[in-house]
1. Counting only C-alpha contacts under 8 Å and six or more residues apart, can you give the relative contact order of the chain as a whole percent?
2. In Å, what Kirkwood hydrodynamic radius results for the stretch 1-74 from the alpha-carbon pair distances?
3. Give me the percent of DSSP beta bridges within the stretch 134-300 that run antiparallel, rounded to the nearest 5.
4. From a point 7 Å beyond the Cα of ALA199 in the direction of its Cβ, which residues of the stretch 275-302 have a backbone N at a distance under 17 Å?
5. How much length would be gained if the chain were fully extended between GLU37 and ALA63, taking 0.36 nm per residue of separation minus their Cα-Cα distance, in nm to one decimal?
6. In whole angstrom, how far apart do the alpha carbon centroids of the stretch 175-238 and the stretch 101-154 sit?
7. Roughly speaking, what is the stretch gain from GLU266 to GLU71, that is 0.36 nm per residue apart minus the C-alpha to C-alpha distance, in nm to one decimal?
8. For the chain, set up a GNM with springs between Cα atoms under 10 Å and report which of ASN211, ASN280, ASN26 has the largest fluctuation.
Amino acid sequence: MTILAFETSCDETSAAVVRAGQVLSNVVSSQVRLHAEYGGVVPELAAREHLKNLVPVAEAALAEAGVKPEELDAVAATQGPGLPTALLVGLKAAQAMAFALDRPFIGVNHHEAHLYSPWISGRPAVADFRTFVPHVSLIVSGGHTLLVKVEGELRHRVLGGTIDDAAGECFDKTGKLMGLPYPAGPVIDRLAAEGNPAAYDFPRPLMHDPNDDFSFSGLKTSVRYFLRDHPAVLASASGVRDLCASVQAAIVEVLVRKTVRAAKREGVSCVTASGGVTCNRALRRELETACRRNRLTLRLADPGLCTDNAGMIGILAERKLQSGIPGADLDTEIKPGWGLEALAETR
Ligand code: KG4
Ligand code: ZN
């Protein structure tokens with residue numbers, strides 16, 4: 001089965017060609033520089049950029065895969081959650097193409113696709129992922145922070161999520177307070193590598209709460225108060241590095257502890273992680289250490305597949321078709337607030 005997939009839920013315009021569990025091409029055009037001057041994603045600008053870029057990105061994905069449109073068996077797109085105007089571009093393009101080619105259209109849940117991204121490359125591959133269910137998956141990005149128990153093929157249960165800011169948002173907002181460019185996550189990662197994570201003590205919100213929820217807005221506020229009381233920290237390069245390392249340590253410790261604790265409580269033997277923040281080197285390292293200590297198998301998405309991409313959308317679309325889930329109507333609408341909980345109830 002050969003599938004063309006689109007992802008336009010936020011600020012990445014992406015198209016991928018997937019065949020038999022393999023991603024043949026995965027072209028991503030990031031808008032991050034465009035939004036940087038506004039300090040965050042501007043929905044209207046994102047939609048216009050998707051409109052401008054989607055056709056060239058799709059052509060590049062088909063050319064790189066060596067696949068002609070008439071060879072496609074289905075066309076897929078992210079249906080939600082995401083920014084409404086951004087989602088519309090990819091979804092309507094996929095439906096138009098499915099109509100023109102007389103092929104099924106597959107609408108995909110963005111979070112569910114993230115659950116598959118750790119299995120896209122390496123061994124065992126997507127096809128063997130059943131060996132590793134049940135497992136606990138951490139989805140952590142600028143828009144979401146979720147702990148999910150994957151119970152089987154297309155079967156999962158949300159264990160917890162953030163009650164305010166996402167972890168990536170916390171990286172970006174605390175970085176903004178420090179005067180770092182948007183998105184600050186990768187910059188903090190780089191600066192923290194040479195800083196002292198024990199230099200300043202920041203709160204670890206909800207870390208010892210028995211639930212699987214997260215909260216990061218209090219951490220951001222405590223950084224704001226810290227900078228109000230210690231403005232000189234920003235005057236030295238070593239002060240900034242120590243601050244980055246200390247903030248990062250707080251975020252990472254909460255994520256790692258709660259993920260491992262959930263895995264142990266749920267009695268699973270495998271943990272996975274995906275989403276932009278999974279690029280963070282300290283998070284990857286600490287998850288590796290904690291999983292090794294607790295005899296858990298860890299499967300991290302490749303850094304290039306952590307951030308939003310159409311490869312994961314195509315992989316999930318193929319799994320859905322193979323599982324007997326039929327294509328959706330060509331007038332199916334976007335679902336901007338489509339949570340995993342709602343999806344689970346329909347299965
Ligand atoms: O998955 P993604 O591309 O988009 C969504 O938000 O859905 O994730 C982007 C987020 C941003 O908040 C960015 O700062 C964060 O991921 N991020 C990182 C790193 N790379 C990206 N955060 C910490 N360390 C990184 N290396
Ligand atoms: Zn995402």
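1. Taking the mean separation of contacting Cα pairs over the length of the chain, I get 24 percent.
2. 12.8 Å
3. Counting only bridges with both partners in the stretch 134-300, antiparallel ones make up about 55 percent.
4. Under 17 Å, as judged by backbone N against the label point of ALA199, lie 282 of the stretch 275-302.
5. Stretched fully, the GLU37-ALA63 segment lengthens by 6.1 nm.
6. 30 Å
7. Values: separation 195, 0.36 × 195 = 70.20 nm, distance 4.32 nm.
In short, 65.9 nm is gained.
8. ASN211
The values are calculated or read from the model by the stated rules, or taken from the named source; none is laboratory data. The model shown is predicted, which means the values in this text are computed figures rather than measured ones. All Cβ positions, glycine included, derive from the backbone under ideal geometry; neighbour counts span all protein chains shown. To get the accessible areas, we keep the full protein, side chains included, count just its heavy atoms, and leave off ligands, DNA and RNA. Shrake-Rupley method; radii C 1.70, N 1.55, O 1.52, S 1.80 Å.
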